[in-house]
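Structure first, then comments.
Rule-based calculations on the coordinates, nothing more; no lab input. Computed from a predicted structure; not experimentally measured. Counting neighbours? That spans all protein chains shown, and the Cβs are built from the backbone with ideal geometry, glycine included.
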Amino acid sequence: MTDDSNTEDEIVLSAEYALGLLTPGEAVAFEDVLSVDPEMREQYASWAESLATLTDEIAPVDPPKALEARITDALFGVSEKRSFLSRLGFLSPVLGGLAAAVIVLVVLGQTNFMRDDGPTYVAEIVAEDSSLIVQAQFNPEDRSLRMTRTAGVPIEGRSQELWLIAGDAAPVSLGVWPQGQVEAVLEVSAEYASLMADGVLAISDEPQGGSPTGAPTGDILAVGPVTLL
Amino acid sequence: MSDLKDIEGYIARCALGDRDAFSLLYSATSAKLFGICLRVLGNRAEAEDALQDVFVKIWRNAERYQVNGLSPMTWLITIARNLSIDRLRARKTAQGAGLEEADDLASASPGPEALAIAASERGQIVDCMAELEADKSDAVRRAYLMGETYQELADRYSVPLNTVRTWLRRSLIKLKECLSR
């Protein structure tokens, strides 16, 4: 009799737990039992199996195509070269217009930034539809990267992050655009400074404060190759 | 449609960090799991967020699957169901227990015999639910598929909380007897 009622309690408790009918306190207490009692675990597993078949009546629905990429980005970052380059699909036309872009940049001439000493690198980081344009100038002497945004504003509550892509390497972050500023100066590390000459600069849309993963997670908003002035 | 052996294999390979296996698992199961998230949450955007949580959790907990004693689809379904219900309850700010950990805790290794019993229970629950009075089986279904709490069920059937608790517990014992036949 006692055994039976014990068993009944076990049956009911594990069912209530599987159904989520226990209060938070009861659930925690039950989990303590589960962690030490193999019979109770078996009881719970048996309910879980039975109850899961209640979902047999639910028809499968294909999730939107983009969701898988969102999930793998969240889990793995965008470290894979292939996926990053595919997001830069519009890079080629931009490179095609390179000569023109550089001339435009020089004419627009952030002359106040110009220095006489040593080589200077420039880039125009520009969105495909010109909704975002950033002029950048890199001085290898003090490794300063001076930038001026001449078009576009960040989305409210989001940050823009600047990336350097050297050859086939994964993009490395140079920093997050300071909130509310039109001009920004970043100091580039010595390691990255040496990659600047043949690099491409890109700006991505990120959660406030920048990418949580160390790789771009949002849309690539604008790109521009670095060239010697 | 991949069979259970395939899915079990994908989960095992996910536990070793195999991203290709994760992609195969996603292809094989995401529609089923998205259907569940969508049914529970009734909102596409929220179901998409839930499905993301589900697959993040699957990837991170894949190594625990091997010892948890659930068949592979049950493990996946339980994660999808529990995370969706947690979201639904957060929305309702109801007072039910958090279910997030439930699927982690079934770490019994029941062995082939118990697994065979579990397998034979699949499909039976519909028949056994039919043996319950309509409102009782409806309550079980609502608790599982909609995350309704004892309080919500009491309100729904206009009976005192203790009454609903008593009759649902009796129904669960009846259900178990039928399932064990």
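Taking amide H positions as placed 1.01 Å from N in the peptide plane, with prolines and chain starts having none, which residues 5 or more places from A:LEU174, or on another chain, fall under 5 Å of its amide H?
A:LEU162, A:TRP163, A:LEU164
What share of Cα pairs, in percent, lie more than 19 angstrom apart in the stretch A:2-57?
Across the stretch A:2-57, Cα pairs with separations above 19 Å total 26 percent.
How high is the relative contact order of the stretch A:2-57, in percent, counting Cα pairs under 8 Å that sit 6 or more residues apart?
Contact order relative to length: 39 percent.
Which cross-chain or sequence-distant (5 or more) residues have an amide H under 5 Å from the amide H of A:LEU22, H modelled 1.01 Å from N in plane?
B:ALA97
Taking beta carbons within 10 Å but only from partner chains, what does the mean come to for residues A:22-32?
For this peptide, the per-residue mean of nearby foreign Cβ atoms is 3.
Given R₀ = 56 Å, FRET efficiency for A:TYR192-A:ASP9 by Cβ-Cβ distance, to 0.05?
0.30
With a Förster radius of 25 Å, plug the Cβ-Cβ distance of A:VAL182 and A:THR227 into 1/(1 + (r/R0)^6) and report the FRET value to the nearest 0.05.
Efficiency for this residue pair is about 0.60.
What list of ³J(HN,Hα) couplings, whole Hz, do you get for the stretch B:170-177 from phi and the Karplus terms 6.51, -1.76, 1.60, once you set θ to phi - 60° and write x for glycine and proline?
In residue order, the calculated couplings are 4, 5, 5, 5, 4, 4, 4, 4 Hz.
Nothing charged except the Cβ atoms of Lys and Arg (+1) and of Asp and Glu (-1): what's the magnitude of the dipole of the stretch B:123-181 about its Cα centre? Round to the nearest 20 debye.
Once rounded to the nearest 20, the dipole reads 220 debye.
Give the lysines whose C-alpha is closer than 26 Å to that of B:LYS136, dropping any in the same chain fewer than 8 places away, or say none.
Answer for B:LYS136, where 26 Å is the Cα cut-off: B:LYS92, B:LYS174, B:LYS176, listed by chain and number.
Provide the per-residue ³J(HN,Hα) series for the stretch B:132-140, in order, calculated from phi with Karplus coefficients 6.51, -1.76, 1.60 and θ = phi - 60°, each as a whole number of Hz, with x at glycine and proline positions.
Per-residue couplings from phi come out as 7, 4, 4, 5, 6, 5, 4, 5, 4 Hz.
I need the peptides A:144-156, A:36-48, A:54-66 ranked by packing, meaning the mean over residues of other C-beta atoms within 10 angstrom, with the highest value on top.
A:36-48, A:144-156, A:54-66
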